[in-house]
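Quick notes on the structure that follows.
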Amino acid sequence: MNTTRPCFQRKHRSSLRGNSQDGIALLVILLIVAIVSILATEMMARLQINVARTVNIKDNNQAYWYAVGAEQFAEKSLNDLKTLSPDNMNLGQPWAQVFEYPINSGGIQAELIDLQSCFNLNTVVLPESLSGVENQNAAAKSPAQGFFNLIRLSTEDIDSFTAETVRDSLKDWLDADNDISGYGAEDAEYESLRFPYVAANALMTNKSELRLVNGIEVDSLRNLLPHVCVIPDPAFNAMEININTVTEENAHVIAAMLNLNLDAAKRIIASRPLNGFADTNDFLSEPEIVAKELTAEQKAWFVIKTNYFMLRTKTRYNNATFKMVSIFKLDSEGEGVSVISREFGGIN
């Protein structure tokens, strides 16, 4: 009677084993499907990132080429300026206007700035004038003294000692030797800082370097930067200020070099003809300037033509923006206009 039971048990066990294998197979299939889904999702995410990266690169490249186009247009404008008005460059001419041009999905903004309408920091190391005038009201004897005056004019609450420290430290930063000038600083001063560095002992290429000079504080730097600039050309070693492109906001430069009060400098600029002074003698004949009894060397600081311009360009295409700063040199030998410096991503 019990002969059929073992067979039933064998069938039951076989059925359980089959069900177990089917369950394992199902789990394997589900695991494979999950892995494939994860891989597909990851691939899609990476594909989207790559597509977005490609679009960004394309937009950035397009914004870059718009900036290059603006630079070439500015170069042509300066060539025309050099041809049509080589001896008198002033704010009444077309180059002095801010250029804005809308384009599909973006725009171009460009502005030419006269680099000789501000104080060139690299001139601080030029020698002192041989002026025989020895009174407190006299004009600056050298660009270094003019820089001292500029510091005092731009920051009202700065004391004389701090201004002298900044002036002498800038001289030491620019000159090639390791001798300390007055209240200046050389490598030993900078090496003792928490984050040490050394003096450049070379001309500046960007006015932002000024923040590294001994004695400079944040407040005085913020007030001083709008009135200073750097001409990154070792061949240019003269103090020349274009009196036709200095604005009333930048009258500090004229006041500093002539040791005038700021209101007098602003008055001289405000009375300037719309197309600028026709000759430097018109500027030098102003009563406040005549009283300074300038030497021939000091009079040579003031000119009505410019050899260096800076172009600030900002372009936009779709979601990409691009900034470029170019510095042009107008060759005095008649060779045209050349770009001597470019910076990407920042404003000088």
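Going through THR83, THR54 one at a time, which residue ends up being β-branched (Val, Ile, Thr), open to solvent by 100 Å² or more (accessible area, probe 1.4 Å) and either assigned to a helix (DSSP H, G or I) or at pLDDT below 85 (or both)? Full working, then the answer.
Numbers: THR54 fails: open to solvent by 100 Å² or more (accessible area, probe 1.4 Å).
Of the residues listed, the single one that is β-branched (Val, Ile, Thr), open to solvent by 100 Å² or more (accessible area, probe 1.4 Å) and either assigned to a helix (DSSP H, G or I) or at pLDDT below 85 (or both) is THR83.
When GLY276 is evaluated against the numbered criteria (1) over 16 Å from VAL228 (Cβ atoms); (2) without any contact (Cβ under 8 Å) to a residue 40 or more places away in the chain, which criterion, by number, is the only one it fails?
Every listed condition holds for GLY276 apart from (2).
Yes or no: LEU130 at pLDDT below 95, farther than 21 Å from LEU260 by Cβ and aliphatic (A, V, I, L, M)? So that I can check it myself, show each step before the final result.
Working: at pLDDT below 95: yes; farther than 21 Å from LEU260 by Cβ: yes; aliphatic (A, V, I, L, M): yes.
Yes.
Filter segment 90-113 down to residues that are at positive phi and in contact with a Leu (Cβ under 8 Å, 6 or more places away or on another chain), then give me how many there are.
Residues that pass the stated criteria total 0.
Going by the structure shown, is LEU224 aliphatic (A, V, I, L, M), surrounded by 22 or more Cβ atoms within 10 Å (Cβ to Cβ), farther than 21 Å from ASN88 by Cα and more than 22 Å from the chain's Cα centre (by Cα)?
Working: aliphatic (A, V, I, L, M): yes; surrounded by 22 or more Cβ atoms within 10 Å (Cβ to Cβ): yes; farther than 21 Å from ASN88 by Cα: yes; more than 22 Å from the chain's Cα centre (by Cα): no.
Taking the combined requirement at face value, the residue does not satisfy it.
Condition (residue is more than 27 Å from PHE99 (Cβ to Cβ) and either modelled with pLDDT of 95 or more or among the small types (Gly, Ala, Ser) (or both)) applied to segment 301-314: is it met by at least one residue? I'd like the intermediate steps shown before the answer.
The initial filter retains those residues of segment 301-314 that are more than 27 Å from PHE99 (Cβ to Cβ), namely 301-302.
Within this subset, residues satisfying the condition of being either modelled with pLDDT of 95 or more or among the small types (Gly, Ala, Ser) (or both) are 301-302.
The answer is yes; a qualifying residue exists.
All but one of (1) outside any strand (DSSP E or B); (2) at pLDDT 95 or above hold for LYS329, so report the exception by its number.
Evaluating LYS329 over (1) outside any strand (DSSP E or B); (2) at pLDDT 95 or above leaves (1) as the failure.
Restricting attention to segment 89-113, report how many residues are of a type in the set (S, T, N, Q), surrounded by fewer than 15 Cβ atoms within 10 Å (Cβ to Cβ) and closer than 13 Å to LEU311 by Cα. Even if it seems obvious, please write down each step before you answer.
Our first condition is that a residue be of a type in the set (S, T, N, Q); within segment 89-113, this holds for 90, 93, 97, 104-105, 109.
Okay, now just the ones that are also surrounded by fewer than 15 Cβ atoms within 10 Å (Cβ to Cβ), so 97, 104-105.
Imposing the further condition that a residue be closer than 13 Å to LEU311 by Cα reduces the set to 97.
Selection size over segment 89-113: 1.
Against the condition open to solvent by less than 30 Å² (accessible area, probe 1.4 Å), of a type outside the set (Ser, Thr, Tyr) and closer than 28 Å to PHE344 by Cβ, how does GLU71 come out, does it pass? Give the steps one after another, and end with the answer.
Details: open to solvent by less than 30 Å² (accessible area, probe 1.4 Å): yes; of a type outside the set (Ser, Thr, Tyr): yes; closer than 28 Å to PHE344 by Cβ: yes.
Considered against the rule, which asks whether it is open to solvent by less than 30 Å² (accessible area, probe 1.4 Å), of a type outside the set (Ser, Thr, Tyr) and closer than 28 Å to PHE344 by Cβ, GLU71 comes out as yes.
Any residue at all in segment 306-321 that's assigned to a helix (DSSP H, G or I), farther than 25 Å from THR83 by Cβ and either open to solvent by less than 60 Å² (accessible area, probe 1.4 Å) or touching a strand residue (DSSP E or B) at 6+ places or on another chain (Cβ under 6 Å) (or both)?
Of the residues in segment 306-321, the ones assigned to a helix (DSSP H, G or I) are none.
No, because not a single residue in segment 306-321 is assigned to a helix (DSSP H, G or I), farther than 25 Å from THR83 by Cβ and either open to solvent by less than 60 Å² (accessible area, probe 1.4 Å) or touching a strand residue (DSSP E or B) at 6+ places or on another chain (Cβ under 6 Å) (or both).
The values are calculated or read from the model by the stated rules, or taken from the named source; none is laboratory data. Quick caveat: nothing in here was measured; it's all calculated off a predicted structure. Neighbour counts run over all protein chains shown; Cβ positions are idealised from the backbone, glycine included. The accessibility values were calculated without ligands, DNA or RNA, using every heavy atom of the protein model including side chains. Shrake-Rupley method; radii C 1.70, N 1.55, O 1.52, S 1.80 Å.
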